[in-house]
Amino acid sequence: MSPAEEEKSLPLPQRWPRASKFALSACAAAVAELVTFPLDLTKTRLQIQGEAAVRRDGAASGQAAPYRGMLRTAAGIVQEEGLGKLWQGAMPAIYRHIVYSGVRMVAYEHLRDSVLCRAEDKTFPLWKAVVGGMSAGAIGQFFASPTDLVKVQMQMEGKRKLEGKPLRFRGVHHAFLKILSEGGIRGLWAGWVPNVQRAALVNMGDLTTYDTVKHFLLLNTPLVDNSVTHSVSRGLLYKSSMDCLIQTVQGEGFMSLYKGFIPTWMRMAPWSLVFWLTYEQIRRICGVSSF
């Protein structure tokens with residue numbers, strides 16, 4: 001058998017390892033996003049309430065904005081807009097994670113195995129894991145910034161309808177085209193700097209922690225590479241991120257910076273758990289080595 005024929009006979013994960021890992025991580029992220037998306041929508045609505053009040057009634061009203069808390073906000077969305085609206089913007093969120101999670105996972109494994117050179121016994125110094133996690137998160141978020149922008153814009157369409165404002169978008173593709181026509185290519189990357197900074201820090205906690213803890217457990221405890229181990233491990237308003245910070249504090253007070261903290265925290269934990277469990281299992285099913 002010639003080398004070309006031999007290569008064609010190999011399974012897809014071996015013929016195109018990075019493309020396969022991209023697809024598998026995208027599938028796992030889509031599952032995690034669908035399961036936890038209502039919490040993301042609730043977080044966005046909580047964060048936007050004061051901003052909407054300031055724009056409508058002036059800065060003084062920001063202090064009296066009717067923040068309802070996570071559960072009451074979710075219940076209000078169901079009562080006022082319907083149960084299905086808890087998944088308003090789910091498709092652009094899934095598109096975002098197809099790009100974001102796919103790129104960050106492939107980037108981290110490449111950095112870990114080829115650039116930062118993990119040892120043959122699977123040991124990987126913490127500082128290298130931190131560098132790899134932050135770099136992979138920043139790269140993934142940069143590529144995913146346009147889909148992240150569309151996701152947030154689509155989430156707020158239900159709120160605009162309740163306020164008697166005309167809907168801006170007919171769907172995800174219309175939103176992309178409208179943002180592109182109004183702001184050009186640069187418009188799709190509006191706000192990318194703080195998003196990339198945040199993603200770098202998030203992945204320093206997510207990728208670094210999971211990879212470090214998982215392999216520490218495998219190397220130093222009787223635990224094996226299974227689900228138990230995987231669970232244990234696991235329109236411009238602002239000129240810049242600094243301008244956003246200043247306007248938010250001036251208009252709504254310092255504590256407004258932490259609006260949506262509880263739903264953000266409550267979403268991150270189940271999202272990561274669902275993602276890592278799903279990702280490890282579909283890698284195993286498809287014949288790809290464990291992360």
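The values are calculated or read from the model by the stated rules, or taken from the named source; none is laboratory data. Keep in mind that this is a model prediction, so the values were computed, not measured. All Cβ positions, even for glycine, are placed from backbone atoms using ideal geometry, and neighbour counts span all protein chains on display. Protein only, heavy atoms only, side chains kept; ligands, DNA and RNA dropped before computing areas. Shrake-Rupley method; radii C 1.70, N 1.55, O 1.52, S 1.80 Å.
Over all other residues within a Cβ to Cβ distance under 15 Å of Phe176, the charged ones net out to +3, with Lys and Arg as +1 and Asp and Glu as -1. The trypsin sites (Lys or Arg not before Pro) of the range 143-191 that DSSP puts in a loop, and whose beta carbon has at most 16 other beta carbons within 10 Å, are Arg168, Arg170. Summarising the label geometry, the points placed 7 Å from Cα in the beta-carbon direction at Asp121 and Asn220 lie 1.3 nm from one another.
Put a plus charge on the Cβ of each Lys and Arg, a minus charge on the Cβ of each Asp and Glu, and nothing anywhere else: the dipole of the range 63-143 about its Cα centre is then about 160 debye. Sort out for me the Cα centre separation of the range 137-176 from the range 195-218, rounded to whole Å. The range 137-176 and the range 195-218 have Cα centres separated by 27 Å. The residue list Gly205, Met154, Gly133 was ranked by how far each Cα lies along the charge dipole of the range 16-218 toward its positive end, using unit charges on Cβ atoms, and Met154 comes out on top.
Put a dot 7 Å past the Cα of Glu182, heading toward its Cβ, do the same for Ile285, and the two dots end up 4.0 nm apart. Would you work out which of Val196, Gly82, Met70 lies farthest towards the positive end of the dipole of the range 16-218? Charges go on Cβ: Lys and Arg +1, Asp and Glu -1. Farthest along the dipole direction, towards plus: Gly82. For the range 16-218, the carbon plus sulfur part of the accessible surface works out to 65%, probe radius 1.4 Å. For the range 93-152, the Kirkwood hydrodynamic radius from C-alpha pairs, put into Stokes-Einstein at 25 °C and a viscosity of 0.890 mPa s, yields a diffusion coefficient of 204 µm² per second. Taking the Kirkwood radius as Rh and the Cα radius of gyration as Rg, the range 16-218 has a ratio of Rg/Rh equal to 1.04. Separation of the alpha carbons by more than 32 angstrom is noted, of Lys43/Lys214; Lys21/Lys128; Lys21/Lys151; Lys43/Lys178; Lys85/Lys178; Lys122/Lys151, for Lys122/Lys151.
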